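Structure first, commentary second.
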Amino acid sequence: GEKPSYVVLLLPPDITSAMLIKQLEENGGRGFMFDTEIDGLVNSNSGILRAFTDILRKASEGEPIQYFRKTDNERRYIENPILSLLISGTPEQFSRLIQDAENGLFSRIITYNFKGNGEWIDAYDPSPFDYESHFDELSQFILELYNVLEAFEESPIQFTLSKIQLIKLDELFKERLGEATDITGDDGRASIFRLAGITVR
């Protein structure tokens, strides 16, 4: 018989482009890539046969992903890929993944830069923060939200922006577009356009 699909929605960044496409296809076009170290993703995109930033760019836009291989006449096609990516790392590690503004991946992701707490935490504090209980409570809350959404008869749920929100969005990104064009020229325009789209999403 035909080998059944092996669904693995949580995808590791240490993966080849061919395996990523294969797994996305078996997942029905969906996947979530998560890691606490961006280096795995950097290393995966360090060679021609492994690199898949083009797949990440296409998935961001919902564009079809496909490839053909001579061996066994292998063909794979994903019409509407949906791939989420959550990776942490240092700014220098990030710059090794996206080395310049012309890499279209830069304009298709949201980066969040923050500094940690600079204060020393007493190692002998008699009442340390209970992380396990904290995240257990958050997990329970997320599960409750999921169950509520799963119970809805109509699917998918549609959200629309109000007229006031649309006006604010236009004003903000018109200003950002002017700033980006002044500073970076045409290189920054695509980032602003796509960031507006990401904001609406």
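The values are calculated or read from the model by the stated rules, or taken from the named source; none is laboratory data. Because the structure is a prediction, the values reported are computed rather than measured. Reconstructed Cβ throughout: ideal geometry from the backbone, glycine too, with neighbour counts over all protein chains shown. Areas reflect the complete protein model, heavy atoms only, side chains present, ligands, DNA and RNA absent. Shrake-Rupley method; radii C 1.70, N 1.55, O 1.52, S 1.80 Å.
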Checked region 45-78 for anything outside any loop (DSSP other than H, G, I, E, B) and charged (D, E, K, R); matches are Asp54, Arg57, Lys58, Glu61, Arg69, Asp72, Glu74, Arg75, Arg76
Among helices (runs of 4 or more DSSP H) completely within region 82-201, the ones holding 1 or more residues that are in contact (Cβ under 8 Å) with a residue 24 or more places away in the chain are 91-97, 163-184, 186-200
The residue that is farthest from Arg189 (Cα to Cα), considering only those in region 97-109 that are surrounded by 15 or more Cβ atoms within 10 Å (Cβ to Cβ) and out of contact with any helix residue (DSSP H, G or I) (no Cβ under 6 Å at 6 or more places or on another chain), is Ile109
Residues in region 32-70 that are touching a residue at least 40 places away in the same chain (Cβ under 8 Å) and hydroxyl-bearing (Ser, Thr, Tyr) total 4
By residue number, the members of region 54-96 that are within 14 Å of the chain's Cα centre (by Cα) and open to solvent by less than 40 Å² (accessible area, probe 1.4 Å) are Ile55, Leu56, Ala59, Ser60, Gly62, Pro81, Leu83
Expected single match for touching a Pro at 6+ places or on another chain (Cβ under 6 Å) and assigned to a helix (DSSP H, G or I) among Leu20, Leu41 is Leu41
